[in-house]
Amino acid sequence: MNLVAWAIVTCEILFWVVIIAGLTARYIFKRKKLGLFFLAMTPVLDLILLVIAGMDLAKGASATTAHALAAIYISVSIVFGKSMISWADERFRYYVTKQGPMPIKRYGKEHAVHYFKSWLKHVLAYLLGAGILYGLVTWINDPARTEALLSIITIWSVVVAIDLLISGSYFLWPRKAKNPVTRDL
């Protein structure tokens, strides 16, 4: 694995470490400002990854799948970051500190609409990530060095289309609530 691939793995691990640290500081130690500090570190990780990938390419490296994944990671983190932190916050508060309401489980049309909104965010992340990738292709201006970037855009396009099909399927076949099993004695 190259430096950029290791940077992606490290940033993903650190993303969850700072979220857990932030939530622990906020709810366990009642240090809201310290918790906010840790949670605010998540965009810094994106910036670090961007700098590492950019410096690697600026030094003349050929773009690899890892460079493309860095762009995807950054765009997904920007678009989904706040909602991922909210998701983790809600579950940490309920399951760890035993406070607040139980996380909502969506069914039927509500689930379909929620998933469709998530798909729209996926499209936004795709547009941002593809913009970054096309920007890198233009900046490097060497098709032999950027082939991996363009192939990832193609693969991601297919993934977004499949995600749309899954999203649409929830409108056709809504998710049903599981009925508890009852036993007659």
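Overview of results
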quantity: Calculated Rg and Dmax of the Cα atoms in Å (choose from (i) 20.1, 74; (ii) 16.9, 55; (iii) 20.4, 63), label; calculated: (i)
quantity: P(r) tail fraction, the stretch 1-52 - alpha-carbon pairs more than 16 Å apart, %; calculated: 42 percent
quantity: The stretch 28-185, dipole about Cα centre (Lys/Arg Cβ +1, Asp/Glu Cβ -1), debye to the nearest 20; calculated: 1080 debye
quantity: Size descriptor, Kirkwood hydrodynamic radius, that averages inverse alpha-carbon separations across the stretch 80-185, Å; calculated: 17.2 Å
quantity: Spin-label proximity, ALA88 to the stretch 3-17 - amide N less than 11 Å from point 7 Å beyond Cα toward beta carbon; calculated: 12-17
quantity: Highest average packing first - 61-69, 149-157, Cβ atoms within 10 Å; calculated: 61-69, 149-157
quantity: Within straight-line cross-link reach of LYS82, lysines at Cα separation under 27 Å, skipping those fewer than 8 residues along the same chain; calculated: LYS30, LYS32, LYS33, LYS98, LYS105, LYS109, LYS117, LYS121
quantity: Rounded accessible area per residue of the stretch 31-170, 1.4 Å, Å²; calculated: 58 Å²
quantity: Alpha-carbon centroid distance for the pair the stretch 3-29 / the stretch 120-159, whole angstrom; calculated: 26 Å
quantity: Heavy-atom accessible surface of the chain: percent carbon and sulfur, 1.4 Å; calculated: 69 percent
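The values are calculated or read from the model by the stated rules, or taken from the named source; none is laboratory data. For clarity, every value in this text was computed on a predicted model and none was experimentally measured. Positions of Cβ are generated from backbone atoms using ideal geometry, with glycine treated the same way; all protein chains shown enter the neighbour counts. All accessible areas refer to the heavy atoms of the entire protein, side chains included, with ligands and DNA or RNA removed. Shrake-Rupley method; radii C 1.70, N 1.55, O 1.52, S 1.80 Å.
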